[in-house]
Amino acid sequence: MNQVGTDYADLKQVEAYDERMGSFRDIEAENREMLAMLALAAVMHVKQEYSTFDWIMEGLITRAGLKIVAQQMPHPSFTIYHCRKPA
């Protein structure tokens, strides 16, 4: 079978490929851009996951036999629940 493209098991071919790509691409800028996109994806994931905590916490509180009297959110990632145990 005839090899087409770069043989990544051959260090000399990999180095030649990197040199060719570096001659017309800004690899460092591409890496920074990809890392920024990954960081944004991580932030978005955390923001979306925080939104699910409310229903989980409310379920845990009510299943523990408590009644939520009031709820405050002084910060987007922090909620205060004021609860009472029914008599």
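Tally the residues that are at pLDDT 80 or above and either of a type in the set (S, T, Y) or in a helix (DSSP H, G or I) (or both), restricting the search to the range 4-52.
29
Cβ-Cβ distance below 6 Å, separation of 6 or more or different chains: which pairs start in the range 65-81 with a residue that is free of Cβ contacts under 8 Å to residues at least 60 places away in the same chain and end on one that is acidic (D, E)?
Close Cβ pairs (under 6 Å, with a partner that is acidic (D, E)) do not exist here.
Of the numbered conditions (1) at pLDDT 90 or above; (2) over 28 Å from the mean Cα position of the chain (by Cα), M1 fails exactly one; give the number of that condition.
(1)
The values are calculated or read from the model by the stated rules, or taken from the named source; none is laboratory data. These numbers were taken from a predicted model, which means no experiment stands behind them. Cβ sites come from the backbone with ideal geometry, for glycine too, and all protein chains shown count toward neighbours.
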